[in-house]
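Trainee: My structure is below; once you've seen it, I'll send some questions.
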Amino acid sequence: MSSASAMTMTFEPGSGVLTDTNGNFIDDVYSEAGIKMTGFTFGEFGDGNGRAHLDNPGDGHFTSALSFATGGRFDLASFDLFPLVGDCFDCSAYDNVIVTGYRGGLTIAQSIFAMGAAPSVFFGALFLDLDELIISTVNGPSPEHDFTNTHFEIDNVNLNRTPSPVPLPSAIGPFALALLGGRFWLGRRKLATAIA
């Protein structure tokens with residue numbers, strides 16, 4: 001089995017391809033380094049600083065959820081998180097970042113936390129062997145939080161492609177049985193020779 005290969009989505013200008021898949025003049029798919037990100041990105045990530053922007057659900061010009069896929073299985077290693085606290089009232093006082101990993105349409109892992117001030121978020125053994133990752137934000141727990149435009153940016157999404165298992169040839173089962181049978185037969189023959 002080969003080792004996992006690392007992929008990083010940097011969002012740097014010229015590093016990937018933005019696509020308007022539904023013809024409404026809104027870029028909704030971004031592909032880079034073998035990773036495909038789906039979500040409303042509005043004006044090539046907004047401020048052109050090489051990051052993807054997420055807003056409150058229903059209260060901003062940007063998406064509130066970005067979906068990542070590689071066309072196969074992958075592990076989430078880390079991503080950089082940049083809270084935009086200037087427009088946010090007490091936005092680190094509640095859990096407003098949601099990271100969810102899926103396999104076959106089922107939730108495999110989820111982490112919910114406050115934006116905080118740390119620039120990098122690392123993930124351990126929970127977010128493994130995924131086929132979809134969603135990073136999203138959520139409205140606050142009370143009206144004073146709901147309309148404060150809680151938003152953040154992400155960068156350097158690091159995924160490790162999980163190698164596909166190598167299928168064994170269909171003849172390996174009968175071959176192994178024949179090999180074991182032969183060893184058994186030789187053992188019986190040696191035992192019979194020793195007794196005689």
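The values are calculated or read from the model by the stated rules, or taken from the named source; none is laboratory data. Predicted, not measured: the structure shown is a model, and the values here were computed from it. Here Cβ is always computed from backbone atoms with ideal geometry, including for glycine, and neighbour counts include all displayed protein chains. Surface accessibility is based on the protein's heavy atoms, side chains included, excluding ligands, DNA and RNA. Shrake-Rupley method; radii C 1.70, N 1.55, O 1.52, S 1.80 Å.
Trainee: Scan Phe152, Phe127 and give me the residue that is at pLDDT 90 or above, out of contact with any Cys (no Cβ under 8 Å at 6 or more places or on another chain) and open to solvent by less than 40 Å² (accessible area, probe 1.4 Å). Show your work before the answer.
Mentor: Details: Phe152 fails: at pLDDT 90 or above.
Result of the check over Phe152, Phe127: Phe127.
Trainee: Next up: Here's a check for you: in the range 130-145, which residue that is part of a helix (DSSP H, G or I) and open to solvent by 70 Å² or more (accessible area, probe 1.4 Å) is modelled with the lowest pLDDT? Step through it out loud before you land on a result.
Mentor: Within the range 130-145, the first condition is being part of a helix (DSSP H, G or I), and the residues that meet it are 143-145.
Now narrow it down to the ones that are open to solvent by 70 Å² or more (accessible area, probe 1.4 Å): 143-144.
On the way: Pro143: 66, Glu144: 63.
Looking at the filtered set, the residue picked out is Glu144.
Trainee: Within the range 21-51, take every residue that is open to solvent by less than 50 Å² (accessible area, probe 1.4 Å) and more than 15 Å from the chain's Cα centre (by Cα) and give me the one that is modelled with the lowest pLDDT.
Mentor: Gly46
One line per residue, one yes/no per condition, for (1) buried (at least 17 other Cβ atoms within 10 Å of the Cβ); (2) at pLDDT 90 or above:
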| site | (1), (2) |
| --- | --- |
| Asp55 | yes, no |
| His61 | no, no |
| Arg103 | no, yes |
| Ala109 | yes, yes |
